[in-house]
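The values are calculated or read from the model by the stated rules, or taken from the named source; none is laboratory data. All values derive from a computational prediction rather than experimental measurement. Here the Cβ is made from the backbone with ideal geometry for all residues, glycine too, and neighbour counts use every protein chain on show.
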Amino acid sequence: MIDCWTVLELLKEPLPTAVIGLGKRGLKHISVLERCPATALVGLCDSRPEALAPFSGAVHTSTDAERLLSEVGPSAAVVAVSHDAYMPLIGHCLAKGVSCLKEKPLARSLSEARQLERLAAGAEGKLAIAAQRRHGDMLSAIRAVMAAKGRPPIAFQYVYTLGLTPSGRDWRDSRDLAGGGAILDMGYHVIDLLTALLGVPQCVSAFDQRPGGSADGYVENGATLLLSYPAGTSGTVIISRHLSPEAERATFWFEDETVEFDGQRVTSVRDGERVWLADMQSSEELIHRQLHAFLRLHSGEPNMSCDVASSLESMRAIELCYQALESDGIAHTRPEAPEPSWRTRSTPAASALAPVREGGFSQ
């Protein structure tokens, strides 16, 4: 596993980095950046002065992202803001040659993701998407089993619940601001992992678990997804913000072996014998690994797992889920499948910086 010192040798000197959005996720990024010798934390931005107060005097702070970029001139920025605020921020950063590590999801919709792809293609700065599960040992362990067998699993089941108390007052409860509910936000972790393993599904069935949302528009608080893939694998994903207890577990069935994840470790069961394969890393460790991949992408290494191209495949899978919710419960892969009308949106120009809401995600 590559470490910070190896990345530092690649970069030659610590990369001046800012963090925009000081929610739960942004604060974790700050902790990792401060401990990584390959980065130098040079600035923090949040629209809430109270979020910046604990860092006053220790690092440059600002409630205005454009001013922060001009005053400290970072080479890179971690962008961890609400889903509706990221596009103009990233557009402005990339135009200034500032590479961005953007918190998941890639976008609020597939059309917005393609708009972001076009922004990144013509920019000097690099764009990476922070999708934790791609950097964990669980993915590596399941890939190793697939490689040894020369085939994907026959079936799988993945359950991911958070056990949160509904509030109805968070930006995630607004369809216009968030772009979607549990499927797009917390479900991105699961769907991105499955996409890295199996590709884009060819058929999706999707069902709401119960109503959610606010006056700004409906968002799903949970969903049950039935997915089938071109190589013959099929499986079920159950995601929920509010079902209790908080849990994450998965099972992948092969012809003569079962790979299980219990939230802490990955094991293999074959002929009645259970064998350890991997442990689940902490959130901080996964963020550290994401940072390494981002820094390598910034240095010019192509085809990294965190780039926009790989994340676009995950957005295609997520869009199929929403197409299924909007239709008769089933959606099939099509070259240019139309998005539900509420998911096709126009995004402000990159020069019109939106206020920075609290960043972070509910994982």
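Of all the residues in the stretch 57-81, those that are assigned to a helix (DSSP H, G or I) and buried (at least 21 other Cβ atoms within 10 Å of the Cβ) number 3.
Residues satisfying the criterion are present in the stretch 334-349 (criterion: modelled with pLDDT under 95, in a helix (DSSP H, G or I) and either polar (S, T, N, Q) or closer than 21 Å to ASP192 by Cβ (or both)). Against the criterion of being surrounded by fewer than 19 Cβ atoms within 10 Å (Cβ to Cβ), under 23 Å from the mean Cα position of the chain (by Cα) and assigned by TED's automatic domain parsing to the domain that holds ALA38, GLY97 qualifies.
Listed here are the residues, each with its yes/no results for (1) modelled with pLDDT under 95; (2) among the basic types (Lys, Arg); (3) over 19 Å from GLU103 (Cα atoms).
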residue: GLU9; (1), (2), (3): yes, no, yes
residue: ILE30; (1), (2), (3): no, no, no
residue: ALA51; (1), (2), (3): no, no, no
residue: GLY73; (1), (2), (3): no, no, yes
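Need pairs with beta-carbon distance below 9 Å; first residue among the basic types (Lys, Arg) and within the stretch 315-341, second at pLDDT below 60; sequence gap 6+ or separate chains. Pairs that qualify, where the first residue is among the basic types (Lys, Arg) and the partner is at pLDDT below 60, are ARG316/ALA337.
Kindly indicate whether any position in the stretch 259-267 is farther than 26 Å from SER31 by Cα, in a loop (DSSP other than H, G, I, E, B) and among the charged types (D, E, K, R).
yes
For the stretch 137-152, the criterion of being in the same structural domain as ILE183 (by TED's automatic domain parsing), assigned to a loop (DSSP other than H, G, I, E, B) and in contact (Cβ under 8 Å) with a residue 60 or more places away in the chain is met by at least one residue.
Return yes when LEU184 is part of a helix (DSSP H, G or I), within 21 Å of GLY329 (Cα to Cα) and either out of contact with any strand residue (DSSP E or B) (no Cβ under 8 Å at 6 or more places or on another chain) or in the same structural domain as SER240 (by TED's automatic domain parsing) (or both) and no when it is not. No: the conditions fail for LEU184.
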